[in-house]
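Bear in mind these aren't lab numbers, they're just calculated from the coordinates by the rules spelled out. Just so it is clear, the model here is predicted, and its values are computed rather than measured. Positions of Cβ are generated from backbone atoms using ideal geometry, with glycine treated the same way; all protein chains shown enter the neighbour counts.
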Amino acid sequence: MKTVTVAASKTYDILIGSGLLSTLGAEAKKLGKAQKVCVVSESSVYPIYGNTAVQSLESTGFQVVSFVFPAGEERKNGQVFLELLNFLAENQLTRSDLIVALGGGVVGDLAGFAAATFLRGIRFIQVPTTLLAAVDSSVGGKTAIDLPAGKNLAGAFCQPSLVLCDTDTLHSLPQDIFRDGCAEVIKYGILYDPVLFSHLEEKGLSFDREAVITRCVGLKRDVVMEDEFDTGKRMKLNLGHTIGHGVEAKSHFGLSHGKAVAIGMAIVTRAAAQRGMCDGDTCDRVLAVLEKFGLPTTTQYTAEDLFTYTLSDKKRSGSTVHLIVPQAIGDCAIVPTPIDNLKSFIQAGL
């Protein structure tokens, strides 16, 4: 088992290894006084891992209730959020109790936002069951729901009390869902780590899972500790996301987050190469590794389509959007881009 410690506004551990789900109850006990736990999960995850999580918690003396909602990004909305808050109230959870987010990024975002707001804040544990959640969304305290105008537009910063990443849960992932997480793994290589990127180029889908997850989590930990509230260097983690969220929203979430981010990274890298912000070799390597992992690099949507959705991006500041642009593998820049120039930048990358 590997342990990565985050020392932000709250200090907590990220535990990474095989067989950890059965230790959930024991690890939750270490967090101090709590009598009730609400396990929040979705319909595609709870039937596989719910019993193990609940039994582990009950065996250590917790009273457990479960809130299970239908799977899908489209369920990360205000209606389900309010249903969860009402469920917590009806089951009389108190400020000393716990929420456990058992699932992927949708579950973690929804449960975390509920934890941030119910009774003005209660503790929660992230138990990611997808690669994407393990390396990215479960770490760093960003929680949110989607609004009709765009993705993750209502949310809060709320650090978990523990992240428990059982790598065995990745074995049950459909290959397509596993590839989604690989987009975020590739992102970390492009942003910060040429050695990690080379490992991915060489190994493809057979990369060392525990080592790579630990490396990605460590990289994100360092960024979060330096810029917890996303006003500076943490913006770099948005590589591929501004345009990717536009692709995702335009598809009405029919295209998964990971694939949309892959397309976003491809578009921004091609545009950077065309405008002389990175060399052709960097662009070729980024596109080649995305394709090696079976991720898309093109979209049928126009620059006008994507521009419309990027206007609602969280990183927008007045008339400027902060784009994250690769300059070389392991070196990306935050580029303030006037809204008036954004459409032509997207067009250059299509």
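Summarising the amide proton neighbourhood of LYS151: residues at separation of 5 or more, or on other chains, whose placed amide H is nearer than 5 Å comprise an empty set. Per-residue Karplus couplings for the range 128-143, computed as 6.51 cos²θ - 1.76 cosθ + 1.60 with θ equal to phi - 60°, are listed in order as x, 10, 10, 4, 4, 5, 5, 8, 9, 6, 7, 10, x, x, 7, 10 Hz, Gly and Pro entered as x. A cut-off of 5 Å between modelled amide H atoms, ignoring neighbours fewer than 5 places along the same chain, links SER66 with VAL39. Highest average first, the peptides 99-109, 274-284, 18-28 ordered by how many other beta carbon atoms sit within 10 Å of their residues are 99-109, 18-28, 274-284. Could you tell me how many degrees, from 0 to 90 and to the nearest 10, lie between the Cα long axis of helix 257-274 and the main elongation axis, the longest principal axis, of the Cα atoms of the chain? Approximately 30 degrees, to the nearest 10. Put in order of Cβ neighbour count within 10 Å, fewest first, the listed residues PHE307, PHE207 become PHE207, PHE307. Listed values for the range 7-16 are Karplus-derived 3J(HN,Hα) couplings in whole Hz (6.51 cos²θ - 1.76 cosθ + 1.60, θ = phi - 60°), namely 10, 10, 4, 10, 9, 8, 9, 10, 9, 10, and x replaces Gly and Pro. Seen from a random direction on average, the alpha-carbon convex hull of the range 153-244 projects onto 7.1 square nanometres. Projected onto its three principal axes, the C-alpha set of the range 122-162 covers 31, 25, 13 Å, listed from the longest axis down. Think of each Lys and Arg Cβ as +1 and each Asp and Glu Cβ as -1; about the Cα centre, that makes the dipole of the range 242-350 roughly 200 debye.
For the range 2-172, the Kirkwood estimate of hydrodynamic radius, built from reciprocal distances between every pair of different alpha carbons, is 15.5 Å. Evaluating 6.51 cos²θ - 1.76 cosθ + 1.60 at θ = phi - 60° for every residue in the range 286-303, the Karplus couplings come out as 4, 5, 5, 6, 4, 5, 4, 8, x, 9, x, 10, 9, 9, 7, 6, 8, 4 Hz, glycine and proline recorded as x. Each peptide among 56-69, 250-263 gets the average number of other Cβ atoms lying within 10 Å of its residues, and from highest to lowest they stand as 250-263, 56-69.
Under the classification rounded if a/c is under 1.5, otherwise prolate if a/b is larger than b/c and oblate if not, where does the range 253-342 fall, given a ≥ b ≥ c as square roots of the Cα gyration tensor eigenvalues? Oblate is the answer for the range 253-342, as a/c is 1.5 or above yet b/c matches or exceeds a/b.
Just checking the listed ones, ALA303, ALA149, ALA271: in the Gaussian network model of the chain with Cα springs under 10 Å, the one fluctuating most is ALA149. Close Lys pairs in the range 2-172, defined as Cα atoms under 20 Å apart and 8 or more places apart or on different chains, number 10.
For SER43, nonlocal amide neighbours, meaning residues 5 or more places apart or on other chains whose placed amide H falls under 5 Å from its own, are PHE69, ALA71. For the chain, the longest principal axis of the Cα atoms and the long axis of helix 175-192 meet at an angle of about 60 degrees. Out of every Cα-Cα pair that the range 49-115 contains, those further apart than 20 angstrom amount to 28 percent.
For the chain, the Cβ-based charge dipole about the Cα centre amounts to some 680 debye (Lys, Arg positive; Asp, Glu negative; other atoms uncharged). If you bin all the Cα-Cα distances of the range 71-152 at 10 Å, starting from zero, the percentages per bin are 19, 53, 26, 2. Counting pairwise Cα distances across the range 192-244, what percent come out greater than 12 angstrom? Everything past 12 Å amounts to 70 percent.
Share of pairwise Cα-Cα distances greater than 27 Å in the range 175-349 is 20 percent (whole percent).
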